[in-house]
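A short worksheet on the structure shown next.
The values are calculated or read from the model by the stated rules, or taken from the named source; none is laboratory data. What you see is a predicted model, and the numbers here were worked out from it, not measured in a lab. For neighbour counting, all protein chains shown are included, and Cβ atoms are generated from backbone atoms with ideal geometry for every residue, glycine included.
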Amino acid sequence: MLFPSQGGVKILFSFLTGKAFKISSADYRKYIERFNEQPSFPYILLELGIVVGRGDTLDKAFFDPPPKMFQNLALNMVPTCNLRCRYCYASSGRRTETAIMPLSLAKKAIDYVSRYCEGELNLNIVGEGEPTLVFDSLRHVIAYAKRKVKRVKVNPLSTNGVVTSRIATWLARNIDELQVSCDGPGFIQDKYRPLASGGKSSPAVERTIRQFVRMGKNFRVRATITDDTFGNEKKVINYFFQLGVQRLMFGVLENVGATAGMIKVKQFRQRKVFRKRNHLQELLVLAELQDEVGMRDYDPYLSRIGTTVTCGIYTKSFFVLDPYGNVSACERHTGPYDFKAYPFLKEFIIGRYNPEKKDFDIDFQKLEWFQETIRAILKANACASCSQAPACGAVCLYQIAHRHGSFFPVRRHCDSVDKQFPASMFKYITDKYLVRKIPCLELQHGVLSYRLTYHSFSLSVQRVGGSMRENPYVYVTASDDLIALAKDILAYKNRRVELTLFLLKFDFNSETASRQDGERVRRFLSVLKKNHVYFKISRPLPRSLWGQEYLTVCTEYGLPAHFKECVELYMKQGAVVRFVNGRVGKQSWNVYGDRDEIYQDFLESQAS
């Protein structure tokens, strides 16, 4: 796929390989333009991985399901919950079902899937309730699975975070992929995810997250995007950043379960998030801030890039068990309670536990039928010839049936918005990491800002010792007290609810800067990083500060190692590019192809 680009560069992206490429316009014309008219095949494209040959492993595997059946065992262990989330997809705490999964039933399911999973099992502890409410059963189930199957990964266990310190410790030590559900600051979390008693859940969830961080647990937070996320992105990201969260995934509010009743209440009406274009754009807006603070972005859409069809029904990999012994092929199944509102969920039932046989009766022909149905929809969508098929997840029978009430008749189910999002996401990624025209300084209507793609931070220029103001742009000299500056920065940062940028301009003389100065600066930067300060250094520091360790220190703290990389290279003023030396660029900002072209123009302006 060719992205729109300017200047002397072209940007290409392959959804199948998950790679982006930047090549010169001349090479693009030589090797790729009018590809089918080439007199001989340009094998350099294969060597670089820009194209994939027919019969290649990636090409063959794309629409072929993996060989391991029932590799994902999902146990809906408990229908009750200590929260009353306004939008709970499973209406937890409001259901007439109260059955808890018997330990014996869970063990029988592990026995059954162990015959098919070839010694490798993903144990999913999810569903409508809070699994830690049956903590003893949970421990026994996981221990039994690890005795029964050679390689077991608990992936994921999802908790609402309202747990005791003892349970949190056990989860951190025993769960491979631990997920905490939290929507952000208290004004959002407590509005949408109150305790069952109606009280605030945010204090307990914060304690749990902080405990996982202290223990060094590699976990992720899953936040639901609601209308209250829009316009509060800097507050939401700052909240998780200050807690020490390193992996954050956003999911979108769905109009299922309890949501239908919630949106009838004025204060909970959702006017933005149910518009798909809005929520997909919001994922990009949030991802940019996550990138800025170094927080890993767990975007579910990105996980699809370069993969096979991701639906567990198609791959026959899901064995989803409810407390009543029903087995579904779809991970969205929770229990029979949902059949009244969503009759199509009955169609996903592929078997049941037979107490007389003490085993499961599974309809394997139905699994084959599901697979053939999905193949028919793939064909109707013309997925095999679509360049974006490796990025969209192809076909989800649940989404189709939820929209139309059934997956029949087989029809085209290709959503143009879903197809646009992967392209938008990788346009953002290539702009950030290949084109690199941003970040930059921007002067607009007399206001100086740190400019990103979706965000800007209005800067307040000041010197060390002055009163901190919004997004301080601080001028630092070699004689300034860095310990005092660090204390001022932390005090101001801790008073702020929104994500605050500290742009630091060091004026150190390269001839007099010493290794002693370098150690002083390094200790200062270490304090900022340890205390979750969002900071940027506006220009490269002298190499004499760290000698041979210079690049290591730059990598550790995200410092610009070369002037081309720094934010002071140029300032955008409307369409005008104004270099740090006062000269004006030869082209308008939109015409430059990438940062390399801007830097080359800067060098020429220096020489003239």
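Considering the range 522-581, and only residues there that are among the hydroxyl-bearing types (Ser, Thr, Tyr) and either outside the structural domain of VAL474 (by TED's automatic domain parsing) or closer than 23 Å to GLU292 by Cβ (or both), the residue that is nearest to the chain's Cα centre (by Cα) turns out to be TYR534. Scanning the range 167-184 for residues that are of a type outside the set (A, V, I, L, M, F, W, C) and over 18 Å from the mean Cα position of the chain (by Cα) yields THR169, ARG173, ASN174, ASP176.
For ILE100, the requirement of being over 23 Å from the mean Cα position of the chain (by Cα) and within 22 Å of ALA196 (Cα to Cα) is met.
Residue check: LEU345 meets all listed conditions (1) at positive phi; (2) in the same structural domain as TYR116 (by TED's automatic domain parsing) but one, namely (1). For the range 141-157, filtered to residues that are assigned to a strand (DSSP E or B) and of a type in the set (Lys, Arg), the residue that is farthest from ILE125 (Cα to Cα) is ARG151.
This table checks each residue for (1) more than 30 Å from PRO343 (Cα to Cα); (2) assigned to a helix (DSSP H, G or I).
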{"position": "ARG166", "(1), (2)": "yes, yes"}
{"position": "TRP170", "(1), (2)": "yes, yes"}
{"position": "GLN179", "(1), (2)": "no, no"}
{"position": "PRO203", "(1), (2)": "yes, yes"}
{"position": "ARG220", "(1), (2)": "yes, no"}
{"position": "GLN242", "(1), (2)": "yes, yes"}
{"position": "VAL245", "(1), (2)": "yes, no"}
{"position": "VAL256", "(1), (2)": "no, no"}
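Considering the range 413-438, and only residues there that are aliphatic (A, V, I, L, M) and in a helix (DSSP H, G or I), the residue that is modelled with the highest pLDDT turns out to be VAL435.
Scanning the range 132-170 for residues that are of a type in the set (Ser, Thr, Tyr) and in contact with a Leu (Cβ under 8 Å, 6 or more places away or on another chain) yields a total of 3. Inclusion of VAL273 among residues that are of a type in the set (Val, Ile, Thr), part of a helix (DSSP H, G or I) and in contact with a His (Cβ under 9 Å, 6 or more places away or on another chain) is not warranted. Given the condition among the small types (Gly, Ala, Ser), surrounded by 20 or more Cβ atoms within 10 Å (Cβ to Cβ) and more than 21 Å from PRO323 (Cα to Cα), answer yes or no: does some residue in the range 149-162 qualify? Checking the range 149-162: at least one residue is among the small types (Gly, Ala, Ser), surrounded by 20 or more Cβ atoms within 10 Å (Cβ to Cβ) and more than 21 Å from PRO323 (Cα to Cα). Among the residues of the range 176-199, those that are free of Cβ contacts under 8 Å to residues at least 40 places away in the same chain and within 20 Å of VAL213 (Cβ to Cβ) comprise ASP176, GLY186, GLN189.
Of the numbered criteria (1) at pLDDT below 95; (2) surrounded by 19 or more Cβ atoms within 10 Å (Cβ to Cβ); (3) under 30 Å from LYS493 (Cβ atoms), the one ASN238 fails is (1). Could you tell me whether any residue of the range 85-97 is within 22 Å of PHE319 (Cα to Cα), touching a residue at least 60 places away in the same chain (Cβ under 8 Å) and β-branched (Val, Ile, Thr)? Checking the range 85-97: not a single residue is within 22 Å of PHE319 (Cα to Cα), touching a residue at least 60 places away in the same chain (Cβ under 8 Å) and β-branched (Val, Ile, Thr). The set of residues in the range 146-165 that are of a type in the set (A, V, I, L, M) and either in contact (Cβ under 8 Å) with a residue 60 or more places away in the chain or not assigned by TED's automatic domain parsing to the domain that holds THR208 (or both) contains only VAL162. Take SER449 and decide whether it is under 25 Å from LYS437 (Cα atoms) and within 26 Å of the chain's Cα centre (by Cα). So SER449 does not fit the description; no. Given the options SER385, SER303, SER406, name the one that is assigned by TED's automatic domain parsing to the domain that holds MET77 and either among the hydroxyl-bearing types (Ser, Thr, Tyr) or at pLDDT 90 or above (or both). Exactly one residue qualifies, and that residue is SER303. Against the conditions (1) touching a Leu at 6+ places or on another chain (Cβ under 6 Å); (2) surrounded by 17 or more Cβ atoms within 10 Å (Cβ to Cβ), ASN531 satisfies every one except (2). The residue list VAL51, VAL78 contains one member that is of a type in the set (A, V, I, L, M, F, W, C), part of a loop (DSSP other than H, G, I, E, B), modelled with pLDDT under 80 and surrounded by 12 or more Cβ atoms within 10 Å (Cβ to Cβ), which is VAL51.
Taking the range 243-271 as the range and being within 30 Å of LEU501 (Cα to Cα) and crowded, with 19+ Cβ neighbours inside 10 Å as the test, the residues that pass are VAL245, LEU248, PHE250, LEU253.
Quick check, is TYR353 crowded, with 16+ Cβ neighbours inside 10 Å, touching an Asp or Glu at 6+ places or on another chain (Cβ under 6 Å) and closer than 26 Å to PRO131 by Cβ? Criteria not met by TYR353.
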